[in-house]
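Quick notes on the structure that follows.
The values are calculated or read from the model by the stated rules, or taken from the named source; none is laboratory data. All values derive from a computational prediction rather than experimental measurement. Cβ placement follows ideal geometry from the backbone for every residue including glycine, while neighbour counts extend to all protein chains displayed. Areas reflect the complete protein model, heavy atoms only, side chains present, ligands, DNA and RNA absent. Shrake-Rupley method; radii C 1.70, N 1.55, O 1.52, S 1.80 Å.
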Amino acid sequence: MLESLEKIKNESINDIQSAQSTADCDQLKSFFLGKKSPLAAVLKDIPSLPVEQRSVVGKRANEIKQELSAYIQEKKQTLHTQQLEHSLSHDSTDTSLPPFKIRNGAFHPITSITRDICDIFSRLGYSVKQGPNVESDFYNFEALNIPEHHPARAMHDTFYLKNKQVLRTHTSPVQIREMLSKKPPVKIIAPGKVYRCDADVSHSPVFHQIEGLCVDKGLTFSDLKGTLEFFLHELLGPEKNIRFRSSYFPFTEPSVEIDVEFKSKNKSSWMEIMGAGMVQRKVFKHVNYNADDFTGFAFGLGIERIAMIKYQIDDIRLFYENDSRFIQQF
Ligand code: PHE
């Protein structure tokens, strides 16, 4: 019995010596010292031995167990040191280099201004509505009192699609959709993309507008003026100079355009940012509202324009170039 113990010991030591990695050592450990090991089999047989042999064999088996365990531990330590030395001399990682900078994401200025505007108007009780980008001629023009051959159509530089459909040239069709689906009072704003066949430093074929519409009993031009003055001062700061200039839109009467003072370097100029007016009676007729009972005002503004004023950007194309260095600044 003692002989077979020595044999187990020698065979195990041979195997341990040829281990290649610390993982091999772990495997050998459970193989040689675990419950199903040859050594465990010997220990299990001890009760069947003659009494005088039991303690001798038991003692030796336990010694061997401890020797093997120490041997594996030592081998493992040696391999670990070798692996470490190998990776330190072969890997080219320089742990003293500064880490990469983690770059935070940022909202695109168009997104954050749209959100700011929606926030201001929701405080005034307006809800946000959206409409399709592909519109029918009826919603984009006809119902807004821009019949065929009306000169205003030429001003819109429209992208025409099949079947009397267009890429909407403004967000005003959302006014019509809302009024056709609901009785007054109405208080909505409608942000979204609009399309015009035009491109230079201050015009892009796709840009963003926000439309606003408020219809109720007894609304007057003072309500329009008060609302828009409040809104622009909330958005751009109370010290910002704004002016109302009389204008023309087929779907509002009277109509105005609103300019904001735009200071760049050492000169100051006025920049037009929105159109507005009292809803034309003919528009109410298209949506079956009684123009003797209700009045309303509407407005539409270009978001890029506002962003250009707010952040003093002089080329609209920067918004669409997807240069993250540009976006990170806001
Ligand atoms: N839809 C007009 C435009 O795109 C803006 C506008 C909206 C004017 C609502 C008056 C009322 O220029």
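Side notes on the structure shown:
- Per residue, the convex hull spanned by the Cα atoms of region 2-90 amounts to 67 cubic angstrom.
- Based on C-alpha pairs under 8 angstrom that are at least 6 apart in sequence, region 6-81 has a relative contact order of 45 percent.
- In plain terms, the chain from Lys267 to Lys35 could stretch by 74.6 nm, reckoned as 0.36 nm per residue minus the Cα-Cα distance.
- Our note on the geometry: Cα centres of region 99-115 and region 149-206, 29 Å apart.
- Label-point separation in nm, Asn133 to Ala70, each point 7 Å along Cα→Cβ: 7.8
- Taking amide H positions as modeled 1.01 Å from N, with prolines and chain starts lacking one, the residues under 5 Å from Val279 and 5 or more places away or on another chain are Glu253, Gly296, Phe297, Ala298.
- Dividing the mean sequence gap of close Cα pairs (under 8 Å, 6+ apart) by how many residues the chain holds gives a relative contact order of 15 percent.
- Largest first and in whole Å, the equivalent-ellipsoid semi-axes of region 264-330 read 38, 15, 8, each the square root of five times a Cα gyration tensor eigenvalue.
- Extension gain, Leu2 to Ser181: 0.36 nm times the residue separation minus the Cα-Cα distance gives 54.6 nm.
- A crude spin-label estimate for the pair Gln77 and Lys164, with each label 7 Å from Cα along the Cβ direction, gives 9.2 nm.
- With every protein chain in place, the chain: carbon and sulfur % of accessible area (1.4 Å): 52
- Between the listed residues Trp270, Ile309, Tyr289, the Cα displaced farthest toward the positive end of the dipole of region 263-330, a dipole computed from Cβ unit charges relative to the Cα centre, is found at Trp270.
- Radius of gyration and maximum dimension Dmax of the chain, Cα, Å: 40.6, 121
- Debye, to nearest 20: dipole size of region 4-142, +1 on Lys, Arg Cβ, -1 on Asp, Glu Cβ: 820
- Placing a label point 7 Å from the Cα of Glu239 along the Cα-to-Cβ direction, the residues of region 288-330 whose backbone N falls under 18 Å from that point are 309-312.
- The relative contact order of region 220-317, computed from alpha carbon pairs under 8 Å that lie at least 6 residues apart in sequence, is 23 percent.
- Taking Cα atoms only, the orientation of helix 22-33 departs from the longest principal axis of the chain by about 50 degrees.
- Phi-based couplings in Hz for region 317-330 (Karplus 6.51, -1.76, 1.60; Gly and Pro marked x): 5, 4, 5, 10, 7, 6, 8, 5, 5, 5, 5, 4, 6, 9
- Accessible area (Å², per residue) of region 109-327, counting only protein heavy atoms and a probe of 1.4 Å: 49
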